[in-house]
Amino acid sequence: MSVKEAQANWEPKILVFACNWCTYAGADLAGLSRLQYPPNVRVLRVPCSGRVNPQFVIRAFQRGIDGVLVAGCHPGDCHYVTGNYFTRRRYLLMQRLLQYVGVDPERFQARWISGSEGPKFQQVVKEITEQIRAMGPNRKLRDAQ
Amino acid sequence: MKRVGVFICHCGSNIAGAVDCEKVAENAKSFPGVAFSTDYKYMCSEPGQELIKKAIKDHKLDRIVVASCSPRMHEPTFRRCLESGGLNAYLLEMANIREHCSWVHPDDKEKATWKATELVRMAVAKVLKNEPLQRSTIPITKRALVIGGGIAGIQAALDIANAGHIVDIVEKEPSIGGKMAQIDKTFPTLDCSACILTPKMVEAANHPNINLITYSEIENVEGYVGNFDVTIRKKARSVDMTLCTGCGTCMQKCPTKVPSEFEMLMTDRRAIYTPFPQAIPNKPVIDRKNCRYFTTGKCRVCEKICPTKAVDYTQEDELVTQRYGAIVVATGFDLFDHSVYGEYGYGKYKDVITGLHFERLINASGPTMGKIKRPSDGKVPKDVVFIKCVGSRDEAKGKAYCSKTCCMYTAKHATLVREKIKDSNVYVFYMDVRTPGKGYDEFYTRTTDQFGAKYIRGRVSKIYEKGDKLIVRGEDTLLGRPVEVEADMVVLATAMVAQPDAAKLAQMVGFSYDQDNFYTEAHPKLAPVETHTAGVFLAGACQGPKDIPESVAQASAAAAKACGLLSKEEMPTEPIVSCVNEAICAGCGMCVPVCPYKALDLKVIQERAHGKTITRKVATVNSGLCQGCGACTVACRSAALNLKHFTNEQILAEVDALCL
Amino acid sequence: MSDKVKKMQEIAREILEKGEAKVVIGWEKGTHWYLSPPAFIDKPEEVERLVWDDFCHNNLSKYLKDYVNHEGKVAIFVKGCDSRAFNRLLQDKQIERDKVILIGIPCHGLKDQDKAKELGENADIPKAKKCVECRYPNPLVYDYFIGEEKALDEVAAASEARDFSDVEAIETLSPDEKYEFWNKQYERCLRCYACRNVCPACSCRECIFDQTRVGWIGKANNASENQFFALTRAMHVAGLCIECGECERVCPMNIPIMLLNKKLIKDINLLFGPYDAGVDVDGKLPLGHFDKNDPEEFM
Ligand SMILES: Cc1cc2nc3c(=O)[nH]c(=O)nc-3n(C[C@H](O)[C@H](O)[C@H](O)COP(=O)(O)OP(=O)(O)OC[C@H]3O[C@@H](n4cnc5c(N)ncnc54)[C@H](O)[C@@H]3O)c2cc1C
Ligand code: SF4
Ligand code: SF4
Ligand code: SF4
Ligand code: SF4
Ligand code: SF4
Ligand code: FES
């Protein structure tokens, strides 16, 4: 495959860190309700959004991901009571830091998606995929390899 | 070499309809570590599971990936399958290619197959780093602790005791009974409170499974569900409980008079006292703050008079530690201090009293023998004003919430005044009348229609004394005009508020409370008697304003939960907990405050360094408390903390595999 | 010799003679006139080495970590920023208050050592940037105190002068320009970890960048790995950085590390309310607690 062809065949890849109790369940519900969204989204299950270390996010960008979404229960609904309040603090800062070093805001996002919000899961990942498809592959923070 | 087996499920056509399962199985063969890969129609079925077990044996597989439906659905199934195939249950990973793939991408088989392949690759990368984990069990101590001996605590204790478990009730006052013991009659049936409460108190006292630990407080709580180690401070009663027969001679002879808290300071008790005649246990305590002997060093009348020589001035507070499997918190409520309201006289007018004072004034064994007499001059009041929502629904000076019981008890009080004082006039100032509940609205209707209480909608703007009358000024908002009532007595329905020490107790036991210091249930709808702390349950008004039927119902619910726990010998624990690498941990303590379950703490360890023994601090995880959320792992910058089954290494491997 | 230096030496001598501490850590004059490296003095007769001048930059508090398992006390000199560093380490439980004797010395604002080197000894050398912006020139904790506290209005003026214009200048760039800027900077990073080693907010026993077995970071010294390092280090000191500027000063490649630190300080103050690290030892850390009413942007 030539470079050109590879570029033409480019499909964005989006990583979703989803907490087991809300967002993962919301994604399951989207499935149960047969709500379609682009196949570019991969869900990585973590117990709680509070488990998502910002280093995982940078790592994904290094390895060539095009977009990252960190998602968990709405504030007040975390299965572990307070996990997502820490998530919120951490990622409010992280998001700004990433933008500060030049990562486009669309590439890193965070959302609260509950277990009953299948449609919201669908809509959010659709939106992000479209945004990122329009922007093209991510080259920033990316490893040479 | 690790040998991974990959099993791709068709789920009939649920998956196979959108994903080329054979191709995914074929692709998986090239992933590092994969020794065997296949697909099958229904992986979760008996033959499907047999297939996995057989492959484990035939191909010497030591870890398994099942690509099928959501792990939220069948993870337990396949874990059991691994176990019966001879592998540790935690050597399983699942790739969700149904809910997260075939069902959401039905029309693009190529892309769906691509995605399924990648999801499997992620799962393989992760499973290569999985470690066998052991589910352990913790023994359950078959003994329950009930904190607070009001009606809620008594009911919870009786239910647990009747189910065959030992229960200790810790009550801070000298007697159990709580507020219900102070109430005269209960709405909506007007049966006498003592008549229905006393038998329950006696039953609790005589129950072979119940121990009453009165005049005692919780000093410290350690441990976790199944094994709470609770230290109880038994305050010195100065009366030997085993010798005292409860004859009460001492209480008659004691020369020191102290305003009785139980009687809302409207009459006196002695320094050696029981709070009320039907107290349980009916054995007195000495109030050392007021006792003449303890304050001046002279007296000892009670000691001399006691026929059994039970009085013992040398007693000291005693600390006892007991282990409990479950805790029911039933510490009840307190009443709002209305002295913040200048318009009601800052609590200075003698004849402006609270609902609880009124309960004592109409009680046959109260300070006035049940004759309604106003406190200032003992006159029988003719014009009585009731004011509702004092401190409730007032965000500025009081509480934002509705205290729920005041509408009904004020209706009750109004009825009782009209019943006892035939020529009386009763006025009730109210914001709303809220009477949901069985027979409640009927009761209220009788209060107005049959007993002729006059309900005036509006706030009272001022009360002031004029001669021996109280002038109550307010506005009738329905008629839109000011009203003024000359009253002999005013009764305030003060808000139900949390106990002053509510937050302290919650912190000690380790559960949460809301902005008003009422205890927070684990879920407002689906877990209303649980707390976020496993093994700790809530009953009664400590969780929020409640009347007696609600308190009792909640107490029985909490008891059922506690019994559910105590009926087991042991409890399985999830091995997915956090663990500390002591070699790395710097003991900085940054992890400690982020744990919602107080599972983290610092401890001191000794080690050899440069030929010396040194001590340093490191974090330690209480695996009985840890619920495996992983918040601490991110708080720890040097990654000294790791969450089993969701380790840093595992998640990084997944990220890498996905980005390939 | 200035009065301050005399006093410094006097106190040091007394402490050593009385055996109150085994060692006194201060500054001395080395080979260059524009450097005043740390001095570790354990004999009373050597206190004359101690100096106090425009180049006593080294934040001495971190050296205390080397003495945790020593018997007896250590005495150190602390400027305002050093005292915040001391508080930081105390907050991270890395040192014990009663094993240290602090000799506070209010700071007049030090000079930029790079500029000094460039301009020569007789030139009018400007103050170091961190010192122009410094809001805590007076030590926050001490057992002994030398000289007079800096007047409060001067401190207040500094606090008004505190500006994030350098951060804001970057914020206004386009994403690509920002990326270009930072890429240029971190391309040069040698990953010598001097910035980390000197930092009083980095109190780890084993830094994750040394944990090869976990594989947080590759050995390769490429721009991507360097950026991972830069961002991660910045997040790790978020809410902990006391603005001593030591990281930037020691960086052999002159990477503007403070621009990352200050960005996080700016955002923490903006999002979670005013906070200065290393001031209140018993206070909660910005990332160690939360407020239910924190800004909500993830709906
Ligand atoms: C004026 C008035 C009239 C009322 N009339 C009626 C009525 O007619 N009908 C009706 O249904 N409801 C009525 N109520 C409501 C009723 O009082 C409550 O529903 C009921 O008392 C709640 O019971 P409880 O056990 O939860 O709390 P409480 O009765 O408050 O009992 C709590 C117990 O816990 C103890 N305790 C507290 N803290 C500690 C601690 N830290 N350690 C150990 N022990 C502790 C207390 O000493 C007390 O004994 C009325 C309330 C008021 C104020
Ligand atoms: S994983 Fe969660 S529950 Fe367990 S110790 Fe860490 S913060 Fe606490
Ligand atoms: S586990 Fe980490 S955060 Fe906790 S004390 Fe140790 S180094 Fe500090
Ligand atoms: S001191 Fe400079 S070169 Fe060395 S690791 Fe830090 S930023 Fe990189
Ligand atoms: S990050 Fe730099 S400025 Fe901040 S405390 Fe560490 S060394 Fe000082
Ligand atoms: S960079 Fe991070 S892990 Fe390394 S020493 Fe600093 S805080 Fe610790
Ligand atoms: S469990 Fe969903 S955010 Fe914590």
Completion exercise
Among (1) surrounded by 19 or more Cβ atoms within 10 Å (Cβ to Cβ); (2) on the phi < 0 side of the Ramachandran plot, A:Gly102 falls short only on (2)
Practice task
Go through region B:83-140 and count every residue that is open to solvent by less than 10 Å² (accessible area, probe 1.4 Å) and in a loop (DSSP other than H, G, I, E, B).
Solution key: 4
Practice task
Go through region C:238-285 and count every residue that is surrounded by fewer than 21 Cβ atoms within 10 Å (Cβ to Cβ), outside any loop (DSSP other than H, G, I, E, B), of a type in the set (A, V, I, L, M) and within 16 Å of ligand 6 (Cβ to nearest atom).
Solution key: 1
Problem - In region C:170-226, the residues that are touching a residue at least 12 places away in the same chain (Cβ under 8 Å), among the polar types (S, T, N, Q) and within 14 Å of chain A (Cβ to nearest Cβ) - result: C:Asn183, C:Gln185, C:Asn221, C:Asn226
Fill in the blank from the handout: The residue that is modelled with the lowest pLDDT, considering only those in region B:446-461 that are surrounded by 13 or more Cβ atoms within 10 Å (Cβ to Cβ) and in contact with a Gly (Cβ under 8 Å, 6 or more places away or on another chain), is B:Arg459
Handout entry: C:Asp294, sole failed condition from (1) open to solvent by less than 20 Å² (accessible area, probe 1.4 Å); (2) assigned to a loop (DSSP other than H, G, I, E, B); (3) within 14 Å of ligand 6 (Cβ to nearest atom)
Key = (3)
Fill in the blank from the handout: The condition from (1) away from chain C (no Cβ under 13 Å); (2) surrounded by fewer than 21 Cβ atoms within 10 Å (Cβ to Cβ); (3) over 13 Å from the mean Cα position of the chain (by Cα); (4) touching a residue at least 40 places away in the same chain (Cβ under 8 Å) that A:Gly118 misses is numbered (2)
Handout entry: Odd one out for C:Phe272, checked against (1) at pLDDT 95 or above; (2) out of contact with any Asp or Glu (no Cβ under 9 Å at 6 or more places or on another chain); (3) aromatic (Phe, Trp, Tyr)
Key = (2)
Practice task
Go through region C:163-177 and count every residue that is of a type outside the set (Val, Ile, Thr), open to solvent by 50 Å² or more (accessible area, probe 1.4 Å) and assigned to a loop (DSSP other than H, G, I, E, B).
Solution key: 2
Practice task
Please indicate, with yes or no, whether at least one residue in region A:73-81 is at the interface with another protein chain (Cβ under 7 Å from one of its Cβ atoms), open to solvent by 10 Å² or more (accessible area, probe 1.4 Å) and under 21 Å from B:Asn648 (Cβ atoms).
Solution key: yes
Problem - Residue ID - nearest to ligand 2 (Cβ to nearest atom), chosen from residues in region C:197-230 that are in a helix (DSSP H, G or I) and closer than 25 Å to C:Lys65 by Cβ - result: C:Ile208
Handout entry: Test for A:Arg90: is it open to solvent by 30 Å² or more (accessible area, probe 1.4 Å), assigned to a helix (DSSP H, G or I) and at the interface with chain C (Cβ under 10 Å from one of its Cβ atoms)
Key = no
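Restricting attention to region B:606-630, and to residues there that are touching a Gly at 6+ places or on another chain (Cβ under 9 Å) and farther than 16 Å from C:Gln91 by Cα, which single residue is farthest from ligand 6 (Cβ to nearest atom)?
Checking each candidate, the answer is B:Gly624.
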Practice task
Filter region C:229-248 down to residues that are closer than 11 Å to C:Cys199 by Cβ and away from chain B (no Cβ under 14 Å), then give me how many there are.
Solution key: 6
Fill in the blank from the handout: When B:Arg143 is run through (1) open to solvent by 50 Å² or more (accessible area, probe 1.4 Å); (2) under 26 Å from B:Asn227 (Cα atoms); (3) modelled with pLDDT under 95, the failure sits at (3)
Problem - The lone exception for B:Ala558 - which of (1) closer than 21 Å to A:Phe56 by Cβ; (2) open to solvent by less than 10 Å² (accessible area, probe 1.4 Å) it fails - result: (1)
Exercise for the section: Test C:Asp82 against the criterion of being within 22 Å of C:Cys204 (Cα to Cα), without any contact (Cβ under 8 Å) to a residue 12 or more places away in the chain and not in a loop (DSSP other than H, G, I, E, B), and give yes or no. Expected result: no
Practice task
Considering only region C:249-299, state which residues are among the β-branched types (Val, Ile, Thr), within 23 Å of C:Cys195 (Cα to Cα) and either within 16 Å of ligand 2 (Cβ to nearest atom) or not assigned by TED's automatic domain parsing to the domain that holds C:Arg196 (or both).
Solution key: C:Val279
Exercise for the section: Output the strands (runs of 3 or more DSSP E) that fall wholly within region B:566-660 and possess 2 or more residues being within 14 Å of chain A (Cβ to nearest Cβ) and open to solvent by less than 20 Å² (accessible area, probe 1.4 Å), or say none. Expected result: B:641-643
Handout entry: Residue in region A:36-57 that is more than 7 Å from every other protein chain (Cβ to nearest Cβ), surrounded by fewer than 22 Cβ atoms within 10 Å (Cβ to Cβ) and over 12 Å from the mean Cα position of the chain (by Cα) present
Key = yes
Exercise for the section: Quickly run through region B:141-161 and pick out the residues that are in a loop (DSSP other than H, G, I, E, B) and among the small types (Gly, Ala, Ser). Expected result: B:Gly148, B:Gly149, B:Gly150
Exercise for the section: Determine which member of the set B:Thr445, B:Thr405 is of a type in the set (Val, Ile, Thr) and either free of Cβ contacts under 8 Å to residues at least 24 places away in the same chain or not assigned by TED's automatic domain parsing to the domain that holds B:Asp383 (or both). Expected result: B:Thr445
Exercise for the section: Might you let me know whether region B:57-67 holds any residue that is in a helix (DSSP H, G or I) and either away from chain A (no Cβ under 13 Å) or open to solvent by 10 Å² or more (accessible area, probe 1.4 Å) (or both)? Expected result: yes
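The values are calculated or read from the model by the stated rules, or taken from the named source; none is laboratory data. In this text, all values refer to a predicted model and were calculated from it rather than measured experimentally. Here Cβ is always computed from backbone atoms with ideal geometry, including for glycine, and neighbour counts include all displayed protein chains. When the accessible area is computed, the model is the full protein with side chains, heavy atoms only, and any ligands, DNA or RNA have been set aside. Shrake-Rupley method; radii C 1.70, N 1.55, O 1.52, S 1.80 Å.
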